[in-house]
1. Using the structure shown, decide if GLU75 is surrounded by 14 or more Cβ atoms within 10 Å (Cβ to Cβ) and over 10 Å from the mean Cα position of the chain (by Cα).
2. What residue, among those in the stretch 33-59 that are under 18 Å from LYS85 (Cβ atoms) and not aliphatic (A, V, I, L, M), is farthest from the chain's Cα centre (by Cα)?
3. Would it be correct to say that LYS63 is open to solvent by 20 Å² or more (accessible area, probe 1.4 Å) and without any contact (Cβ under 8 Å) to a residue 12 or more places away in the chain?
4. I'm told ALA58 meets every condition in (1) under 16 Å from LEU17 (Cβ atoms); (2) out of contact with any helix residue (DSSP H, G or I) (no Cβ under 8 Å at 6 or more places or on another chain); (3) touching a residue at least 24 places away in the same chain (Cβ under 8 Å); (4) part of a strand (DSSP E or B) except one. Can you identify the failing condition by its number?
5. Which pairs have Cβ atoms under 8 Å, sit 6 or more apart or on different chains, and link a residue in the stretch 67-92 that is outside any helix (DSSP H, G or I) and modelled with pLDDT under 95 to one that is open to solvent by 30 Å² or more (accessible area, probe 1.4 Å) and not aromatic (Phe, Trp, Tyr)?
6. Which one is most open to solvent (accessible area, probe 1.4 Å), of the residues in the stretch 1-52 that are part of a loop (DSSP other than H, G, I, E, B) and among the β-branched types (Val, Ile, Thr)?
Amino acid sequence: MTKKAKAIFIVLNDKGLHTRPSTELVKCAANFRCQVNLKYRSYVVNAKSILGILMLGAGRGAKVGIEAVGEDAEEAIVALLKLAKNRFNIKY
């Protein structure tokens, strides 16, 4: 049976999901074997694709859904939520 996990995070960074936080998100998602998608408005993109994430155009306060499918789906969701809560490790 394939494991699925879903969650929502709010973008806390002042400048939204621009290049630097998107890069951190991709690096984190790439550590997991499962398929990870981000959903925002009508878009669904691969969380392991920097261009996909930048296409979302998610600004500060955006509610972004995460959906992971695969054996380590829950771990991926937990790690990505922690990263989002920490503002994608960006201090400015």
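1. Taking the combined requirement at face value, the residue satisfies it.
2. GLY59
3. Values: open to solvent by 20 Å² or more (accessible area, probe 1.4 Å): yes; without any contact (Cβ under 8 Å) to a residue 12 or more places away in the chain: no.
No.
4. (4)
5. ILE90/ARG20; ILE90/GLU24; TYR92/ASP14
6. Kept after step one, since they are part of a loop (DSSP other than H, G, I, E, B), are these residues of the stretch 1-52: 1-3, 11-18, 30-34, 41-42, 47-49.
Narrowing the set further to residues that are among the β-branched types (Val, Ile, Thr) leaves 2, 11.
Details: THR2: 89, VAL11: 2 Å².
By that ranking, first place goes to THR2.
The values are calculated or read from the model by the stated rules, or taken from the named source; none is laboratory data. Quick caveat, the model's predicted, so the values are computed rather than measured. All Cβ positions, glycine included, derive from the backbone under ideal geometry; neighbour counts span all protein chains shown. We work out accessible area using only protein heavy atoms, side chains counted, and drop any ligands, DNA or RNA first. Shrake-Rupley method; radii C 1.70, N 1.55, O 1.52, S 1.80 Å.
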